[in-house]
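Worksheet: one structure, shown below.
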Amino acid sequence: MSRFKELRKKIGLTQEELIEQFNLNYGKKYTPAAISQFENNKRIPETHSLADFANFFGVSIEYLLGREGPISSIKLRPEEQELIKAYRRAPDNITVAINKLLEPYSKDGE
């Protein structure tokens, strides 16, 4: 299974949901066919989109391309999974506000 498919399934999105959220958040116009090709290792995204996909999934570009080992497996409670999904659907101004509110609680903010 490709990293794209693995990560999409891990965050609980269908291909259609992924396309809708990614295109909306990053101003792209990816199609279901393109995502299918990424998931089946038939093509990789354009260089300028790799960072956006890595950011969307919360991984490094190296991991996304299969050059790094597996990410740690964190068990999320259902309510945490729902919050992550809501965060990913939120417009940029909302995610910026959430990030600012949570900054004192993050490892980087300590």
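Quick notes on this one:
- Residue satisfying all of: in the range 72-110; hydrophobic (A, V, I, L, M, F, W, C) and at pLDDT below 75; surrounded by the fewest Cβ atoms within 10 Å (Cβ to Cβ) among these: Ile74
- Residue that is farthest from Phe4 (Cα to Cα), among those in the range 14-29 that are free of Cβ contacts under 8 Å to residues at least 12 places away in the same chain and in a loop (DSSP other than H, G, I, E, B): Gly27
- Some residue of the range 64-80 being part of a helix (DSSP H, G or I) and either within 11 Å of the chain's Cα centre (by Cα) or outside the structural domain of Ile98 (by TED's automatic domain parsing) (or both): yes
- Number of residues in the range 4-54 that are closer than 23 Å to Ile94 by Cα and among the small types (Gly, Ala, Ser): the value is 5.
- Residue list for the range 37-71, filter: modelled with pLDDT under 85 and among the charged types (D, E, K, R): Arg67, Glu68
- Selected residue (criterion: nearest to the chain's Cα centre (by Cα)) from residues of the range 31-53 that are assigned to a loop (DSSP other than H, G, I, E, B) and either of a type in the set (Asp, Glu) or buried (at least 17 other Cβ atoms within 10 Å of the Cβ) (or both): Pro45
The values are calculated or read from the model by the stated rules, or taken from the named source; none is laboratory data. Since the structure is predicted, the reported quantities are computational estimates derived from the model, not experimental observations. Note that we place each Cβ from the backbone using ideal geometry, even for glycine, and neighbour counts take in every protein chain shown.
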